[in-house]
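Please read the structure below before turning to the comments.
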Protein chains: 2
Amino acid sequence: MPKKFVIIGGDAAGMSAASKIRRMQPEAEMIVFEKGDYISFAACGIPYWISGVIDDGSKLQVLTPEIAKEKRNIDVRILHEVTKIDSMNNRVTVTNLETSEQYEESYDALLIATGARAAIPPIPGIENDGVFTLRSLADGHLIKDYLAKNKIKHATIIGGGYIGLEMAETYRHLNIAVTMVELLDQIAPTFDKDILVKVTEHIVENGVDLRLDTRVNGIDKTARLLVKTSAGDIPTDMVIVSTGVRPNSELAGEAGISLGKSGAITINSNMQTSISNIYAAGDCAEYKHLVLEEDIWIPLAPSANKGGRIAGENMAGQLTQFPGILGTAVVKVFDYTIAQTGLTEKQAEQSSKYGEISTTMITGGSRAHYYPGSTPITIKMVVEKSSKRLLGAQIIGKADVAKRVDVLATAITARMTVEEIGLLDLTYAPPVAPVYDPIHVAANVANK
Amino acid sequence: MPKKFVIIGGDAAGMSAASKIRRMQPEAEMIVFEKGDYISFAACGIPYWISGVIDDGSKLQVLTPEIAKEKRNIDVRILHEVTKIDSMNNRVTVTNLETSEQYEESYDALLIATGARAAIPPIPGIENDGVFTLRSLADGHLIKDYLAKNKIKHATIIGGGYIGLEMAETYRHLNIAVTMVELLDQIAPTFDKDILVKVTEHIVENGVDLRLDTRVNGIDKTARLLVKTSAGDIPTDMVIVSTGVRPNSELAGEAGISLGKSGAITINSNMQTSISNIYAAGDCAEYKHLVLEEDIWIPLAPSANKGGRIAGENMAGQLTQFPGILGTAVVKVFDYTIAQTGLTEKQAEQSSKYGEISTTMITGGSRAHYYPGSTPITIKMVVEKSSKRLLGAQIIGKADVAKRVDVLATAITARMTVEEIGLLDLTYAPPVAPVYDPIHVAANVANK
């Protein structure tokens, strides 16, 4: 069965699929169209490249079109935008952005891996020079250049999510004063507020002027920028708008492919859209949430990579199911790490799938209490009261946070109860963990 | 149902049981007999107390008899040895070691939590002054005193297991030359040899004179000690014998209680011995191995603590099952951490429970490859070929090793396949983990 594969988008999901297809069908015809001028970029590293923690931006380049061609025999066409999908005739319309030439390409199986873009809130003046979003490598270059060419003493970050928090650390690392403006009454809106007390204090201690419950009404530009908010004006030298992302699903929508309530593309567990030879993966698609047992749009790199690979397997003829996601995520916030998996208390309360919810929050030590260097680890567990099943967990601390969330992500995937988690046979040695890990302590308290 | 509880042994298992019983039955009569002069001691911390990393030995004391009485209303009688169990009449014979007075005590439910002791190999001269085992607080004091009172330039460690490895680090920390003599052709005999290459080199680089495949034939004492081995004599100033432990199960055996093939006490999942109102927990008992699905003797602190608690629950009338253990263990070896869970390749090959075994060993980074401070993590997975079920894992590396083993311990408990593990939704952020964690990489390779 010689097949022709077309992939729209050359980042994590698209290139994962392409690599998989190529390994499974070395002779098949395959083209990857990428609108931008680079592929496979580790976008999550950009804040650390701006701060200088990562010295060389080219390290973030996982793959170039040349290497993709040479080492993996993948035909990647950068600066090629797919503008139309004709699913009746299995053809896409492509524009070569360098020559403006338009042409059509046929496919037997198509993958939409168009990703997501930074959301642009309707703030008057947001188009001013010195106001940036941060999503692509191009954004990173613009920010780095602006920092190099201007004397930046103060920056304003609009939005206190992951990118905003990472950029706050970046600015402080560069010794630039930072104001963070957040509409909600908490940073990190995917977390429950109650577990964030210490890390919120920590941000302020690190010199971030944090303004919660504050709406941005406009950005003026005279000599400097002026961010006008519901709580007063903020004179500033540059602005980062980090108010979330939106799925690049318009192309799919226009082709009559079903979209979910988030606006991202609906897929089944074989990564097929509503049109069976068109697949989608990555930040443009909804994935099944393993706890909610419904589709959800949580665009993060790990599920883009894995989903792309699974899409490739299915497109190349090996039926494989992607089980789903938990929304597991982690962000470093100065010396703290905050991480989560599964449902927050808020999400669990809102879900009709589960009965009464109970929550537990405990603080334990990262090591045996008598061993030097033990630091506090705070765990919040969200549990269905009747079944004692763990539905979600959030952890904050200064060390050994992420992998503890991974233990709980694994337990949630296995639908474990807190009783079972309390009896897990986990590692113990004084320099490494206490004999009852904070995971055990939280589970045992939750089990009561 | 007012009951009288007797507990033999006041360390992790015994005191966990006593605390649980007291919370459940505040009025019940209960006595804990402890042969030694202390209870609830964090023995795993002793090497770090000897080295001075832990400055104050009293920090290792989790509980004293006084505090146990005052805060938990537990009657602990130290220096009281139970010398006989009369299970027909539900009575124990006790000797007060201070007064030599003997008396009997009745019980309705009895817990044997007598622990384990250091094995003493039949080496001529092992009784010489300057030769020590390391198991109890008393041992720790003897070693610390000997170090203080003698000019120790060189120490010899017989046995390359956990205690031996920790003591090697302790001696090097104290700037004392160390020779380690091990009968087998590898250190850390509970691991597969092939994953230990780097850590074995690391020990030698840290100044340990490592002699594998070497038998100790005797220990002479003239001015100095002389350890006589199959590969020559080793003049030395002190000797640590760390050649394993033995269960303190003689008292149980003499009472007609069934012992397993290891010599430790056989129990069911309610922690009952072959006599239904006599329970056992901790290092004197075999536990069910969750992968082997048979009883095994792996005396480690976490299962002593948990097993004691479960025994207490059952004794106090709440039927609770202890699911079993995986033999999860971790040890710090200078800058390395080595950890394991489930079956080694050797164990899996020997087990008749599983079909053909495959193994995978990969090395990945602890963080995103472009983020500074990423260190190599080597993972070995042991998989049943037909079912793709993960049966065991071993990990070595310089950082973030133990909690990765905990993820796999959780996956093994849930009987996950490597395919499922490869798709787990784990944390990703450049400073914390790569987008494909070494866990994913190992599982995906094992899945091929």
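Below is a table of values for the structure above.
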read-out	value
Set of region A:322-341 residues, backbone N closer than 19 Å to the point 7 Å along the Cα-Cβ line of A:Asn206	A:329-340
Relative contact order, percent, chain A [alpha-carbon distance under 8 Å, six or more residues apart]	13 percent
Qualifying GluC sites (Glu not before Pro) in region B:88-145, DSSP loop, other Cβ atoms within 10 Å at most 15	B:Glu98, B:Glu101, B:Glu127
Shape metrics for region A:336-447, restricted to C-alpha atoms - Rg then Dmax, Å	13.5, 46
Choice from B:Ile123, B:Ile157, B:Ile187 with maximal GNM fluctuation in chain B (Cα, 10 Å cutoff)	B:Ile123
For residues of B:39-45, the mean tally of beta carbons on other chains within 10 Å	3
Counted charge near A:Asp185, where neighbours are those whose Cβ lies closer than 13 Å (Asp, Glu -1; Lys, Arg +1)	0
Net +/- balance of residues flanking B:Ile234 in space, Cβ distance below 14 Å, scoring K and R +1, D and E -1	+1
Candidate aspartates and glutamates - alpha carbon under 19 Å from A:Lys3, same-chain residues fewer than 8 apart omitted	A:Glu27, A:Glu29, A:Asp75, A:Asp86, A:Glu104, A:Glu105, A:Asp108, A:Glu313
Relative contact order (percent, whole number), region A:120-241, Cα cutoff 8 Å, 6+ residue spacing	34 percent
Kirkwood hydrodynamic radius over Cα pairs of chain B, then Stokes diffusion coefficient at 25 °C and 0.890 mPa s, in µm²/s	104 µm²/s
Test item: B:338-345 mean partner chain Cβ contacts at 10 Å	1
Chain B, helix-only ellipticity at 222 nm - DSSP H runs n ≥ 4, -39,500 (n - 2.57), divided by all residues, nearest 500	-7000 deg cm²/dmol
Relative packing of B:416-429, B:222-235, B:30-43, which averages over residues the other C-beta atoms within 10 Å, highest first	B:416-429, B:30-43, B:222-235
Using a 7 Å Cα-to-Cβ projection, B:Lys346 label spacings across copies, nm, ascending	5.3
Zone residues, region A:82-98, relative to A:Ser106, backbone N less than 12 Å from point 7 Å out along Cα-to-Cβ	A:89-92
Volume of the Cα convex hull of region B:120-241, divided per residue and given in Å³	101 Å³
DSSP-assigned coil residues among trypsin sites (Lys or Arg not before Pro) in region A:94-202, each with at most 14 further Cβ atoms within 10 Å	A:Lys151, A:Lys153
Under 12 Å, Cβ to Cβ, from B:Ala368 - net charge with Lys/Arg +1 and Asp/Glu -1	+2
Centroid-to-centroid separation of region B:330-361 and region B:55-107 [C-alpha atoms, Å]	39 Å
The protein assembly as shown - Rg and Dmax from Cα coordinates, angstrom	30.7, 103
Peptides B:79-89, A:325-335 ordered by average Cβ neighbours within 10 Å, highest first	A:325-335, B:79-89
FRET efficiency, 1/(1 + (r/R0)^6) with R0 30 Å, evaluated for B:Leu184 and B:Asn270 via beta carbons	0.20
Test item: A:362-370 mean partner chain Cβ contacts at 10 Å	3
Share antiparallel - DSSP beta bridges, the protein assembly as shown, percent rounded to 5	65 percent
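No lab work stands behind these numbers, since they all come straight from the coordinates. Bear in mind the structure is a predicted one, so any value in this text is a computation, not a measurement. All Cβ positions, even for glycine, are placed from backbone atoms using ideal geometry, and neighbour counts span all protein chains on display.
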